[in-house]
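These notes are about the structure you will find just below.
The values are calculated or read from the model by the stated rules, or taken from the named source; none is laboratory data. Predicted model, so just to flag it, every value in this text is computed and none were measured. Counting neighbours? That spans all protein chains shown, and the Cβs are built from the backbone with ideal geometry, glycine included.
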Amino acid sequence: MLWIFVIFLITQLPPSEAVKCYPGEYEINGECCPMCSAGTRVVKHCRESSSTTCMPCVDDTYTEHPNGLTECMRCKLCDAGARLIIKEKCSYTKNTMCGCDLGYFCRHIAGLDCEMCRPSTICLPGSMMKEPGTEFHDNVCEVCPDGTFSATNMSRTCQSWTKCEEEGMTELKAGTATSNAVCVQRSLSVTAIALIIVLAVLSVFAGTAFFLWRRKKRETAQAIGDELREEVVKNLIWTRKKGSDTNLPVQETTKNPSTSALHST
Ligand SMILES: *[C@@H]1O[C@H](CO)[C@@H](O)[C@H](O)[C@H]1NC(C)=O
């Protein structure tokens, strides 16, 4: 009965579609066999008396759909050289899905699977990341507008330069696209200048005082020296006198006691 039906179909349809099988069937040698389910493959085609014999896929192979394949498909490898990484591991019913390594985005997409990666643009200092990249899109960078800066790679924002005057400070170094303005405490510099002046005046005073003190000391020393000298001279004279006096009695004690009596007074 089936045969008659098939022959009828063959005669009715164009030669290229000689055998038309139902969904869930595959054609082999002009016959229709039931398909094996996803994750399995055909081991033996169906016969008039028996259905298709199927076996599961093994060892990094898969079949994604119901099929009449006698071999499972080999799982795809993610090429590390192209910076591809495994996004989803292969299963018996699904091929490997590749994605891109960190710092890369997918350039060639086939479905959700990636075939080629590209390094993501780094937003360098002086720019900011206006739009962060995605798996399939590059980062979008934007140069910092005037009056703002970013000092690091991949800054999310550009910061405004510090306005030193508004902060009550003085600008030491103007801001650039990659660095902030450098401010110095104004009150501090005034204090520093005042301190320097005070120190200078103090040292002048101290120097003068020291000079005067030394001169006075020298004068005093000289005066004392003069006095001493005078004293010494006087003493010398006195001693000499006394000596002449004393010498005499020693020699004269025996000769003239009257002189020693004169000396003791
Ligand atoms: C910023 O990125 C550039 C380019 O990749 C790199 O040479 C540099 O070392 C990075 N700088 C920092 C601070 O990470």
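Every condition in (1) closer than 16 Å to Ile85 by Cα; (2) within 16 Å of the ligand (Cβ to nearest atom) is met by Glu115 except one, and the failing one is (2).
Taken together, the residues in segment 143-161 that are in contact with a Cys (Cβ under 8 Å, 6 or more places away or on another chain) and loosely packed, with under 15 Cβ neighbours inside 10 Å amount to 2. Residues of segment 47-71 being more than 29 Å from Arg107 (Cα to Cα), modelled with pLDDT of 95 or more and either of a type outside the set (Ser, Thr, Tyr) or within 55 Å of the chain's Cα centre (by Cα) (or both), which ones? Listed by number, the residues that qualify are Cys54, Met55, Pro56, Cys57, Val58, Pro66, Asn67, Gly68, Leu69, Glu71. The requirement of being within 14 Å of the ligand (Cβ to nearest atom), among the aliphatic types (A, V, I, L, M) and loosely packed, with under 15 Cβ neighbours inside 10 Å is satisfied by Ile122.
If I go through segment 117-142 residue by residue, how many of them are aliphatic (A, V, I, L, M) and in contact with a Cys (Cβ under 7 Å, 6 or more places away or on another chain)? Of the residues in that region, 2 qualify. Applying a threshold of 6 Å to beta carbon distances and a minimum spacing of six or more residues, or different chains, the list of pairs starting in segment 124-145 at a residue that is touching a residue at least 12 places away in the same chain (Cβ under 8 Å) and ending at one that is within 16 Å of the ligand (Cβ to nearest atom) and among the charged types (D, E, K, R) reads Met129/Arg156. Consider segment 146-179 and keep the residues that are of a type in the set (A, V, I, L, M, F, W, C) and outside any loop (DSSP other than H, G, I, E, B). The one that is nearest to the ligand (Cβ to nearest atom) is Phe149.
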